[in-house]
Every structure is written in C-alpha cells, then in structure tokens.
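The values are calculated or read from the model by the stated rules, or taken from the named source; none is laboratory data. Treat the numbers as computed from the prediction; the structure is a model and nothing was measured. Glycine also receives a Cβ, built like all others from the backbone with ideal geometry; neighbour counts cover every protein chain displayed. Ligands, DNA and RNA are stripped out before the accessible areas are found, and what is left, the full protein with its side chains, is counted by its heavy atoms. Shrake-Rupley method; radii C 1.70, N 1.55, O 1.52, S 1.80 Å.
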Protein chains: 2
Amino acid sequence: LDKITQYRQLFDEAIKTKKYGHSPKELYQPIQYIMSLGGKRMRPICLLIACDLFESDVKAALPAALAVEIFHNFTLIHDDIMDKAPLRRNKLTVHEKWNENIAILSGDVMLVKAYNELCQSNASYLSRLLNVFNETAAQVCEGQQFDMNFETQNNVSINQYIEMITLKTAVLLGCSLKMGAIIGGATETEAEKLYSFGKHVGIAFQLQDDILDVYAETEKFGKQRGGDIIANKKTYLLLKAIELANDHVDLKNELNTWLNSENYNPEEKVNAVTAIYNNLEVKEYAKNEMQYHYNIALNHLKEVKAKDSIKMLLMELTDSLMVRES
Amino acid sequence: LDKITQYRQLFDEAIKTKKYGHSPKELYQPIQYIMSLGGKRMRPICLLIACDLFESDVKAALPAALAVEIFHNFTLIHDDIMDKAPLRRNKLTVHEKWNENIAILSGDVMLVKAYNELCQSNASYLSRLLNVFNETAAQVCEGQQFDMNFETQNNVSINQYIEMITLKTAVLLGCSLKMGAIIGGATETEAEKLYSFGKHVGIAFQLQDDILDVYAETEKFGKQRGGDIIANKKTYLLLKAIELANDHVDLKNELNTWLNSENYNPEEKVNAVTAIYNNLEVKEYAKNEMQYHYNIALNHLKEVKAKDSIKMLLMELTDSLMVRES
C-alpha cells in the first residue's frame, strides 16, 4: 500500500466515523449527506502529508484535516444555493434535496463544526492554526463575492481573475498545507513555504479546470463539456479571448454575438466559442499561466527543509492531479 | 456615570472603531450596516460585567464581547432570510437592502469574524472560551431549526418550546456570561454558575417577549402588537392556550377557527385570540414560568463567589430589562 493511499484510508475512516450531531435531524442529515458524497479529499490529504514532512505520526493532524474538509463542504452547500445549482457530484444539492433554509442553516452549523474540529488540535499550536484558518476562511468568502460580482461586471482583468481564484479556491489549499506543517512542528518560515506551494498549486488547479471544461474528453472529466461557455462564465479562457480579440475585429464581433445571444443551440455555441478560442490560441496562454504557477509552487516546495522522500510524495500527488488533461 | 453606562460606552466605542474588511464592499458593507443598527448590546455588556465580577480591568474581555455581538448579528441576518423578514429594528433587512446571496455570504463572513475576534483573547484561556463558544454556536443553529420545524409541527409541547428557546436564544447569554467570567479569572465552577444564571435569564427574557407581543403598550414595545398571533407563531402563550382549551370545547373551537382562517381582519384576530388568552389566563401561566426561571437565575448568581457590588450591578441590569412590561 503506498503512502498516499494509506493517508486517504486514514482520513476516510475518520470521516466515516465522525458524528456531527443528531437532533434536529433536518440540521444534521444534510451534513452527513454532503460529507459522504466523496470527492478527492485533496485538502485534508495534503494536510496530512505536510505534517509528515516534519513528523511521521500524523494522527495529531486529523482534527485539522477534518476541519478543512468540513469547511470546504460548507462552502459547497452555500455556493450551490447562490448559484442555484441542482446537482453536486451528480447528486441533488442540499437545497434541492431539502430546501434553502435548511441548506443555509446546516451550512452555518458546518462552519461551526469545522472550528470545533480544529479546536481539538493541541493547544501548543492552536493559536497558530486559528490565525491562518480565520484569515483563509474570510478570504474564501471574499473570493466567492468577487466571483458573483464578476457575473455582471464588465472589463474583468486577468489579474482580477487570478486574484479571485486565489481567494476562492487557492488559499484553502495553502492553508491546509501550512496547518499540516505547523502540526508537524515546522517553524513559521517552513510552514509559510508550504502555504505558498499550496496557493500556487491551487491556482494551477483552477486554471486546469478552466481548460478542462472546454478541452477535456467528456468521459474523463465527468461533467458536460462547455458548461462555462454556455453560462458565459468569465474564466481565464474567456477573459484572455476577449483581450486578444481586440486585435481581431471579426473574432471580437463573433464572440460578442455568442455572449449576447439568448436563443441558441448549446452545442453550436460551445463549438463556435471553442473555435474562437482555438483561433486565438487561448488554451496555450492558459497552459502557460498554469505551468507558471505550478513552477512557482515547486520552487517553494524545493526550499522547504524537510524529508526529501515526503517532498517527492507531495509532488507526485499534485503531479497526478495535474495530468488529467489529454 | 454609572458603571453599566460606562461599559456600554466602552463597548460602543469598540464597535464603532471596529473594521471588518473593505473589499469586496458587497461583503463588508452589510456587516457595518447591521452592526450599526444598534440594539441593547445585552450580551456583550453582561460579558463585561461578568469579567468585572472577578477582575476590574475588563479590557481583556473586549474581543470576546465583540465576538458574541458579531455572532448574534450574524444569526439575525440569516434568520431574517429564512423568515423572509422585510425589517429589522425598523430598517431594511440585509437581504432586502442588498439581496439573498449577499445576505448569506456576509453572514458567513461575520461568523468567521466572530471567531477571529474571539481568538484575539489571551492564549492562556482561549481553549476554554472556544469550548463554550463552539458548543453554543451549534446550539443556536439547532434552536433555529427547531423553531422552523415547529411552524409545521403539530403537538409541540411546552417542554419542547422551552428547550427550543433555550437553544435559540438563552444559551448565548449563558455563554457570554461564562466567557466573561473565564476572562476575569474565574474557576470553571464559578463560570458555570454564571452560565446557568445567563441561561435562565435568557429563558425569562424570551417568555417576557412572548407576553409583550400580546400585552405590551405599543409605543413602549416599539413593534406592532399581536405579530405573533397574526403569524400563528407557537409561543408559550399559544401552546399553553391550546393545552388549557382542551377542557373548554367552545374556546378550543374558537381558537382553532382563528388558527385556520385565511381571510380575516388582523386587528379582529388579535383581539379575539387575546380574549381567549385572557379567558384561559395564559398570561398568568407565562408570568409564573418567567418568574420561575428568573428565580433560578438569581439563585445561581447568589452562589457565585465574587464581588457583591458587581453581583448587584448584574442583577440591576437584568431587572431593568425585566420590567418593560406594564
């Protein structure tokens, strides 16, 4: 059994036996439900590995690992309400399966339970964990608000977009890695390097998601191709295309026509916009940006003074998540 | 200047100068807005006084005092969404002034900021504060869910109702007092007595609110008389009336008619149901229950080993809040 699988099993066991509360059931059943839908558990597993970089017995990191996963799933429940999303991991979202009020409130109690779990960590470093977790949790909310703002905002710049995904998704991976390092006994300097590693890996992952939405083989990706295009979602690809199309008046007009059209064949729109993307080579820009952040991440990891074998393991894990694209 | 006024000013100053964040403004303006709507600030002021019972320099208690007030206002924002309430303290609710998504998300970030504020407390007792705060925050969510469940639930018992208001409102006052005591240096035993004092005062306050909704002089109370009656809200008064009406078939039928009628003159319904309450003397039952909990509270306070002058002060404050009724 390789180590990553071992950590995944350790965490899955902790999740499976975790009790959040039982009464009222309307409050606690949605928590069991969303936590059992699965997912890659990337954040908690990275947290455990980050701990292992400095201390092989990672059990002390389980409360923090549970905390980040509970927090992440809290954000999914509330984001799904805001986005009016019917499905999550191919199952009904909480607000669809129950209702919006229950989704708001069980999300709230999950945020409390995330803190409660984190507070089970050793008092000797609890303050340090809370510092990074508090800051990160607020940033994730800020990122979600920027994301919603972008829906109606013109002239979103690439820089603003990178800042938004940094807040909305990347800092939580950074926070997970930093917390693991702290629990393992790392100094603030080493822990901060892991934070930067996680943050830039997180940015790279989101850029990859943007690319995969358009360019993935459908079966591999597991969701409908072109969802972002249909929704006019301001991804890196679209923002770059808008920027580059300024020098190509015909493409600019065509793109604007699709962005403003209300009655269209979805497949036709996806194909047409993809063709514009291809024409402007935005996929290559996106891959370069992705690689740029992934390289920064790896440089931070290299600087970490810790067990080389575990640094390799961490790199293997992130590499394995970076190669989903064909 | 009396001491309560002094503490109120100390806290108001802290609230006024508090910055929660600035960008994105859609996230942070609602926080400034709701925190500036005022209110009695009962929880934070009780927290400061509870600290003063054991330690006269209460500045160390300000972060925790801010935390409970921020937490309380977070619950107001989310409760108002769930209740579809248009007004709060005679001003537009956050979801009406902005929108539901912003209300969900700025509420979320307030919960994070409440924890962030609490974490500014001294590390020597931070774990103890977090223990009681984590438990209380979850209970408040549970109470809100029970309250929503009661809307469609038949046969809600008086005991279930007391349990619901205990969770939804009373434990936060208990938590505030306990946290103040802990910060003041109280032992767990003394802090727990203050928790019980606060919890039972909180129950008494809610029962008083139930009574005032029906029996207050409108100008004093500041909101429309009979709101609970119009909404068929299952208050102590209504639940007691339903219980007692079992022995009075005519009143039972009349009450049921009003509870089930959809087209009615609001004033007529309020007057008719109030007459039924008077007939069954439910106000007296409610006042007895209220006094019962207030007496338990005072007995707990008497047992606290602390400065008598400050115990008197705490009693004066709660007394002054108990006599709003005519």
Any idea which residue in segment B:171-214 is surrounded by the most Cβ atoms within 10 Å (Cβ to Cβ), counting only those that are under 25 Å from B:Asn288 (Cα atoms) and small (Gly, Ala, Ser)?
-> B:Gly198
Somewhere in segment B:147-170, is a residue out of contact with any Lys or Arg (no Cβ under 6 Å at 6 or more places or on another chain), within 13 Å of chain A (Cβ to nearest Cβ), open to solvent by 10 Å² or more (accessible area, probe 1.4 Å) and over 28 Å from B:Thr235 (Cβ atoms)?
-> no
Is it the case that A:Lys91 is surrounded by fewer than 22 Cβ atoms within 10 Å (Cβ to Cβ) and away from chain B (no Cβ under 11 Å)?
-> yes
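Looking at A:Val249, A:Val273, which is the one that is surrounded by 14 or more Cβ atoms within 10 Å (Cβ to Cβ) and among the β-branched types (Val, Ile, Thr)?
Values: A:Val249 fails: surrounded by 14 or more Cβ atoms within 10 Å (Cβ to Cβ).
Just one listed residue meets the conditions, A:Val273.
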Residue check: is B:Lys97 facing another protein chain (nearest Cβ under 8 Å) and among the charged types (D, E, K, R)?
-> no
Can you confirm whether segment A:33-42 contains a residue that is within 14 Å of chain B (Cβ to nearest Cβ), open to solvent by 20 Å² or more (accessible area, probe 1.4 Å) and of a type in the set (D, E, K, R)?
-> no
Apart from one, (1) at the interface with chain B (Cβ under 7 Å from one of its Cβ atoms); (2) more than 25 Å from A:Leu27 (Cβ to Cβ) all hold for A:Ile104; the odd one out is (2)
What is the one condition in (1) over 25 Å from B:Leu130 (Cα atoms); (2) within 8 Å of chain B (Cβ to nearest Cβ) that A:Tyr115 does not satisfy?
-> (1)
For A:Ser176, the lone unmet condition from (1) free of Cβ contacts under 8 Å to residues at least 60 places away in the same chain; (2) more than 10 Å from every other protein chain (Cβ to nearest Cβ); (3) touching a Cys at 6+ places or on another chain (Cβ under 8 Å) is (1)
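In segment B:118-127, which residues are at the interface with chain A (Cβ under 7 Å from one of its Cβ atoms) and open to solvent by 10 Å² or more (accessible area, probe 1.4 Å)?
B:Cys119, B:Ala123, B:Ser127
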Return only the number of the condition from (1) assigned to a helix (DSSP H, G or I); (2) within 14 Å of chain A (Cβ to nearest Cβ) that B:Ala204 does not satisfy.
-> (2)
